[in-house]
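This report refers to the structure that appears directly beneath it.
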C-alpha cells in the first residue's frame, strides 16, 4: 500500500473514532402547523404538543414569517385557505427553508392539487377528516427523515472540519520535512567547497611553516590558492542564497551561464578534491561556446556531485571523464527505454528544444546492479559506509536538473562502468 493510501486509511480511522466519540444531541424537532380553521389547528396542537416544538399559523404570511425566524423541520399545510393556498405557502417556504418536509391536508382532493404538491416535493398527502394514526405516522416519518438529514449534514460538517485540520497538519508536516531536506542539502552542497577550502588552508599553513622567508614564487603560490579559497567561499554564499530563495518561494537566476567557463571552474575544483585520490581524471571542454539556462553554481554542483560519486564508487583506482557536445536537434525520446541498465528521469518537465547541451560524467568503475539502479535517486539512499556518503548527492542532482527543465539519463553495465548524461536547454551567451 502506498504512503498516500496509508495516510487516507489512518485519517479515516481517526475520523471514525472522533465521530463515534462525539455525542449527537437528540432534539425534539420543530413542527409548523398552518391552517386557517381553528378546530383542525387545535387538534393538531393537542396531538403533537408533547412530542415536538410547535409553531402555529392561521395564514400564509404568518407561516412564512415564522419560517424566516425559526429552523423548521416539518410543516403541515392545509391546501384550501383564505388568501394564500397551502400550495402557494409551500412554494414560498421552499425559498426560505429548502429542506423542509411538508405534509398536505385537504377536504377537497383533486388531481391538480396532488400534482402541484408532488412538484413541490411534499412527502405526504392526507384527507380531512384525518385519523390519529395516519397523521402521527406521516409526521413521525417526515420528522425522522428531516432529523436524520440534519444529523448527516452536521456530521458532514464535522468531517470537513476534521479533514481540514488533518490536511493542515499534513501540510505543516510536509513543510517541516521539506525544510529538513533543504537543510540537509545545504550541508551536503556546502561540504564540497568547504572541504576544498580546508585543504587549501592546510596547504598554505604547511607552506608558510616550511618557509621563514617567502620567495616570489611562494607568494604567487599563496595568492593563487587564496583566490581559489575565495571562489569556494563565493560558491558557499551562492548555494545558501539558492536554498533560501527556495524556502521563500523566490524564482532562481534565469541568466544563462557559459558552459566552457563553468567546466574550467569545475576542473579546478575536481583537481584538488580529496575524492580524486589515485584516480585518473579527464575533462574535455565543448568545441564551441554556448550557454545553458541554468544557474552556474547549480551546474557546477550537478557535475561535481556526479564526479565525486564516480570517484567514490570503488576504492580501486579507475578513470572518470567529463565531456559534452551541443545537439542541434531535439532528443528522440522514444530511443530511451528504462531497464536493468538504463533510466531516464525528468522527461515530463524537460524543455526538449534545440539547441540542447549534452554533458556526461563517465567512469570505469564497477557499475550499478539492476536491483540498486531504481533507488539511487532516493533521498538518503547510499551504498557507501556511514562516514563516506549521505545519500543526498544524486537526489540533489535530479532536483537541480528538473528545476532547469533538463533530463538525466543513466546507463550502466556491471563490471564496465556508468555514464550519467545530462541534457539541458541551451542559450545564447550574453555579451
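With a point put 7 Å past each Cα toward its Cβ, work out how far residue 276 is from residue 121 in nm, to one decimal.
Each label point lies 7 Å from its Cα, and together they span 7.9 nm.
Could you tell me what fraction of 2.2 N^0.38 Å the Cα radius of gyration of region 264-329 comes to, as a two-decimal ratio?
1.20
Can you report the principal axis dimensions of region 255-427 using only the alpha carbons, biggest first, rounded to whole angstrom?
Result, largest extent first: 40, 35, 26 Å.
Between residue 161 and residue 370, what FRET efficiency comes out of the Förster formula 1/(1 + (r/R0)^6) with R0 = 51 Å and r the beta carbon distance, rounded to 0.05?
Plugging the Cβ-Cβ distance into 1/(1 + (r/R0)^6) gives 0.60.
Tell me, in nm to one decimal, what length is gained between residue 416 and residue 226 on full extension, where the rule is 0.36 nm per residue of separation less the Cα-Cα distance?
Net length gain for the segment: 64.5 nm.
Hey, with R₀ at 30 Å, roughly what FRET efficiency would residue 152 and residue 95 work out to, going by the Cβ-Cβ distance, to 0.05?
The calculated FRET efficiency here is 0.85.
Treat the count of other C-beta atoms within 10 Å as a stand-in for reagent exposure and order 84, 350, 114 from fewest to most.
If I rank by nearby Cβ atoms, fewest first, I get 114, 84, 350.
In nm, what is the difference between 0.36 nm times the number of residues separating residue 267 and residue 402 and their Cα-Cα distance?
46.2 nm
Over all alpha-carbon pairs in region 25-72, figure out the percentage whose distance exceeds 18 Å.
Every Cα pair in region 25-72 considered, those over 18 Å come to 29 percent.
Sorted by packing (mean other beta-carbon atoms within 10 Å per residue), highest first, where do 302-313, 406-417 land?
Order by mean packing, descending: 302-313, 406-417.
All of the numbers you see were taken from the coordinates with simple rules; none came from a lab. Quantities reported herein were computed from a predicted structural model and do not represent experimental measurements. So basically every Cβ, Gly included, is an ideal-geometry build from the backbone, and we count neighbours across all protein chains shown.
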